[in-house]
Amino acid sequence: MEVMIEKIEKMERGFGAMIKEIKGIFEKQVEEMKKEMKEERASSETERARGREGWEREKKELLGRIRRIEEEKDRAEGEKRRRNIVIKRVDWNEGSNEGTVKEFIREKMKIGAEIERTHRIRVGDKNTIIVAMMKSMEEKIRVMKEKGKLEKRIYIDDDLTRKEREVQQQIKRIG
């Protein structure tokens, strides 16, 4: 019986050694897996940061392009409106056109001006706002110089872009 107890103890020691060895292998594998996961996480973070930098750079470039396009659009719109005048507070009849505006300028301002085209902005209680495109910049300058000859309630102004009108309103509020 003693022999058997000895064999069982020997087997227990063998199992204990095997368990220690297996435990050591598992611990080593767990450590390796942790290390790999840590490296993978660091690699992912680096890649995400690189991607974020790329997106930020691309976003900055796109915003710059948008700003340049908007500036170009504003410049083109201003250039398009350059020869235009806006006539306000005149009692126009229903069929107001280039001839009517030309006649108005000749009679009220005592100058002959060539008008390329006109269009109405607001139609209402006879006080329609009309935008007239002059044939040339010289024609517009002549009209703008002579606008002081008009009655007090009639206004002729430059045709401004929305942005320019906003700036004018801010200046009026400040001044």
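What follows draws every value from the coordinates through simple rules; no lab data is involved. Nothing here was measured: the structure is a model prediction, and the numbers come from that model. Because the Cβ atoms are built from the backbone with ideal geometry, glycine has one as well, and the counts that use them run over all protein chains shown.
Of the residues making up the range 67-92, those that are touching a residue at least 12 places away in the same chain (Cβ under 8 Å) and either assigned to a helix (DSSP H, G or I) or surrounded by fewer than 17 Cβ atoms within 10 Å (Cβ to Cβ) (or both) are 74, 77, 78, 81, 82, 86, 88, 89, 91. Could you grab me the full set of residues in the range 93-110 that are surrounded by 13 or more Cβ atoms within 10 Å (Cβ to Cβ) and either without any contact (Cβ under 8 Å) to a residue 24 or more places away in the chain or of a type outside the set (Lys, Arg) (or both)? Passing the criteria: 96, 97, 98, 100, 101, 102, 104, 105, 109.
All told, residue 113 meets the bar of being surrounded by 12 or more Cβ atoms within 10 Å (Cβ to Cβ), small (Gly, Ala, Ser) and within 30 Å of residue 162 (Cβ to Cβ).
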